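Reviewing the structure listed below.
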Amino acid sequence: MPPRRPLPTAAEAAAILARKRTRPQRRAAPPAGRALNKMLKALDEKFGQGPGALQARWREIVGEEIARRTEPVRFTKARGGGPGSLEIRVAGAGAALIQHQATEIVSRVNLFLGEGAVNRLRIVQGPLRNLVPDPPKPRRKSPPLDAAQEAALVEGLASAPDGPLKAALLSLGRGVLRDRRSR
């Protein structure tokens, strides 16, 4: 066993430290993937491209006519990083029509997700889950009857007692006369 060396005094330690400059040991930079991982995850959650983004903006991507008959179900990425496949559900017999428009749908989806994201479209027939009804079309008001027709209708119902039955008959009569006039 070697002899023990005595510890330096405080003054000797200060002198040693004054002579030698100590620096922290340099560390290698972390891999770029690890450093960017948190930021990429946050960006993907905010602006994520995938089935959720496709579902939310499907009408904008493929257009009203196709969106009325279809919905995206699953987006599968290829293992080698190449283009993936998109599975869409089609309501009823519209599958044949959608199959003819497959290349157009793939190009529109690639425009949204990025070039070469999808190369294959898989069509599955079935009921649509997220069927959003079309907004109701505003009813067109038909023009009122002319004064002679209205007077004839009121005169014909003059003998009927006032009440809800008379009001319903007036309304029915107006509808019938308008219908005849539109033909």
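The values are calculated or read from the model by the stated rules, or taken from the named source; none is laboratory data. Everything quoted here is computed from the prediction, not taken from an experiment. Cβ coordinates were reconstructed from backbone atoms using ideal geometry, including for glycine residues, and neighbour counts include every protein chain displayed.
If the condition is being surrounded by fewer than 16 Cβ atoms within 10 Å (Cβ to Cβ), touching a strand residue (DSSP E or B) at 6+ places or on another chain (Cβ under 8 Å) and among the small types (Gly, Ala, Ser), then region 67-101 contributes 78, 82, 85, 92. Taking region 94-183 as the region of interest, the helices (runs of 4 or more DSSP H) fully inside it that hold 2 or more residues being under 20 Å from residue 60 (Cβ atoms), in contact (Cβ under 8 Å) with a residue 40 or more places away in the chain and in the same structural domain as residue 60 (by TED's automatic domain parsing) are 102-113.
For region 31-55, how many residues meet the condition of being modelled with pLDDT of 75 or more and assigned to a loop (DSSP other than H, G, I, E, B)? Looking only at that region, the number is 1.
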